[in-house]
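The values are calculated or read from the model by the stated rules, or taken from the named source; none is laboratory data. Keep in mind the model is a prediction, meaning the values are calculated, not measured. Cβ sites come from the backbone with ideal geometry, for glycine too, and all protein chains shown count toward neighbours.
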Amino acid sequence: MSTSYVRAVSTLPALFAAIALIGCGDPPSGMDDSASASSVTIASVTVSASASASASGGSDTASSDSDSNGSDSDSGAGTGESASAGSDSNASDSGASDSNGSDGGLKFDLGDTPDIGGGCNGGMGGIADESFIWIPGTSDGTVAKIDTRTLVEVGRYAIGPAGGSESASRTAVSGDGRFVVVNSRGTGRSTAVAANVADCVDTNNNGMIDTSLNSGDIRPWGSDECVVWTNVHPTWGGSAQQGPRGITWTIGDWNEATCSFINQKVWLGFLSGGGEGHLVRFDGATGTQEELLAVPGWNGSGYAPYGGALDPDDRPWFTGLRGELVRVNSDQNPATVTRFNQPGNIQTYGMTVDPNGNPWMAGCSGPVSTYDVGSNQWFSVPGTAACHRGMAIDHDFHVWVASNGPCELVEIDGATRTLIQKHQLAQCSTPIGVSVDVDGYVWLVDQLGWAWKIDPANVGAMQQIPVSGNHYVYSDMTGGQLKSVTQPPG
């Protein structure tokens, strides 16, 4: 049976944050595959609102991906077939505010996208100008919230009761930056955290929001009032390989009266016990499952749907590990899926979708490739054969890809599908996730315990930000992928 708890979420003005993308991550070696798909309902616990550190989410450690150089491949020529089935914490964060921004309009990601003006009380209702990256702690069952401008970790949250056995490896941020959902591949769980105190809930009625205030202040599971819902997926197969991975939000509907997005959905994928790919849709505010698409015989090397991203038509795309490419036709009622066989040399690992609606795949080991939807053709970028992990696309349509063999950051011209440069990193262990923030900076997360903030125009001046723990992530850690493929409201 499913386990969940939900806290009511306020419909206050949206807060447009960050930019990023990607989805992916294998279970660490030594992971216990016997995790159950059920547990008990979690009760809320009253805790102090002080900023002192409290118990962390667990001490189990996770090692690096044990499947990074597998030999599985998928032959085929890209023909499609259709299948259907059935905080800001008490306003204490430095460099960010919760309301009354002085900007006079909300700024979007792409450099040539105009600011929103008019309507909504002449400036989007005072939406704050802020930006966060959310980095999962695979080794301790947490997620870190980092202000991308001040480079300060302003909160860390337990995302399940099992500590490191949660094995968090994917985060997805809503397009307005208000919420993050973290997938736990080890326990079959997905958990949502609110970015701003306005969306948290005073469940103990003490007149304040009891939530994490800094990196050392991890509240006991069930007590942080910015953790707004959690679910253990009832049809999850029960092993770490089958746990949820690929994930994306939809942008939702713009509500002019409240100057906010409503009806935001979350799509994510996992494997059933019988090896079916289950692609499920949740209500982003409550975590209520609304739809399930079964994809028989999922082609993904025995792993759950690996990466997820949205296209400009609001359709989610998912990839299998060195396997297939799948599009959810959410514009149909009922929704269906279209399955595309990838050429065997691509060896898909990380993925994203560009503003033209074309999926990109980072091969491990294989080239960086893209599928051109309009022409039904596959293109691989010459000179990029390596073990690639996460990837993201910046405001100038440059594709940035983490590489583990050799250890570097790859820059590609997305328009011409050509290699620009392979950048050396000042310190390099296992580069994993890549994202782009609201200001256009590229973020690269290293699995060993740090992240890089990179100016695309001056890569050599990259800034290192320590982030304690082990971080195995390939997903949209800032919400930037969504904002790159959607149009401004109004």
Subject >> the stretch 325-356 - residue that is aliphatic (A, V, I, L, M) and part of a strand (DSSP E or B) and, of those, nearest to R170 (Cα to Cα) >> reply: M351
Original post:
What pairs come up if the first residue lies in the stretch 288-303 and is under 15 Å from Q242 (Cβ atoms), the second is of a type in the set (S, T, Y) and part of a loop (DSSP other than H, G, I, E, B), and their beta carbons are under 7 Å apart, counting only those six or more places apart or on different chains?
Top reply: G300/Y306
Original post:
Does any residue of the stretch 301-309 turn out to be farther than 18 Å from C364 by Cβ and not aromatic (F, W, Y)?
Top reply: no
Original post:
Pick from A304, A257: which is part of a loop (DSSP other than H, G, I, E, B), among the hydrophobic types (A, V, I, L, M, F, W, C) and out of contact with any strand residue (DSSP E or B) (no Cβ under 8 Å at 6 or more places or on another chain)?
Top reply: A257
Original post:
Any idea which residue in the stretch 349-393 is surrounded by the most Cβ atoms within 10 Å (Cβ to Cβ), counting only those that are aromatic (F, W, Y) and farther than 21 Å from V442 by Cα?
Top reply: Y371
Original post:
Which of the residues spanning the stretch 386-422 are farther than 25 Å from R170 by Cβ and not small (G, A, S)?
Top reply: D396, P406, D413, T416, R417, T418, L419, I420, Q421, K422
**OP:** Considering each of S184, S190, S260, S239 in turn, give the residue that is under 23 Å from G155 (Cα atoms) and out of contact with any helix residue (DSSP H, G or I) (no Cβ under 8 Å at 6 or more places or on another chain).
**Re:** S190
Original post:
Tell me, which residue of the stretch 310-348 that is crowded, with 21+ Cβ neighbours inside 10 Å and among the β-branched types (V, I, T) is farthest from P296 (Cα to Cα)?
Top reply: I346
**OP:** Test V154 against the stated conditions and say whether it is closer than 26 Å to Q289 by Cβ, modelled with pLDDT of 95 or more and part of a strand (DSSP E or B).
**Re:** no
Original post:
Under the condition of being of a type in the set (V, I, T) and in a strand (DSSP E or B), which residue from the stretch 357-380 is nearest to Q487 (Cα to Cα)?
Top reply: T370
Original post:
Would the stretch 284-294 turn up any residue that is at positive phi, modelled with pLDDT of 95 or more, surrounded by fewer than 24 Cβ atoms within 10 Å (Cβ to Cβ) and part of a loop (DSSP other than H, G, I, E, B)?
Top reply: yes
Subject >> Pair list, Cβ under 6 Å, 6 or more apart: the stretch 427-443 residue closer than 17 Å to G469 by Cα and among the polar types (S, T, N, Q), other residue surrounded by 24 or more Cβ atoms within 10 Å (Cβ to Cβ) and modelled with pLDDT of 95 or more >> reply: T430/Q447
Subject >> In the stretch 395-415, the residues that are among the charged types (D, E, K, R) and crowded, with 18+ Cβ neighbours inside 10 Å >> reply: E408, E411
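Listed here are the residues, each with its yes/no results for (1) in contact with a His (Cβ under 7 Å, 6 or more places away or on another chain); (2) surrounded by 17 or more Cβ atoms within 10 Å (Cβ to Cβ); (3) of a type in the set (D, E, K, R).
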site: R417; (1), (2), (3): no, yes, yes
site: Y441; (1), (2), (3): no, yes, no
site: D446; (1), (2), (3): no, yes, yes
site: N458; (1), (2), (3): no, no, no
site: Q464; (1), (2), (3): no, no, no
site: H471; (1), (2), (3): no, yes, no
site: M477; (1), (2), (3): no, yes, no
Original post:
Of everything in the stretch 157-166 that's of a type outside the set (S, T, N, Q) and outside any loop (DSSP other than H, G, I, E, B), which residue is surrounded by the fewest Cβ atoms within 10 Å (Cβ to Cβ)?
Top reply: G163
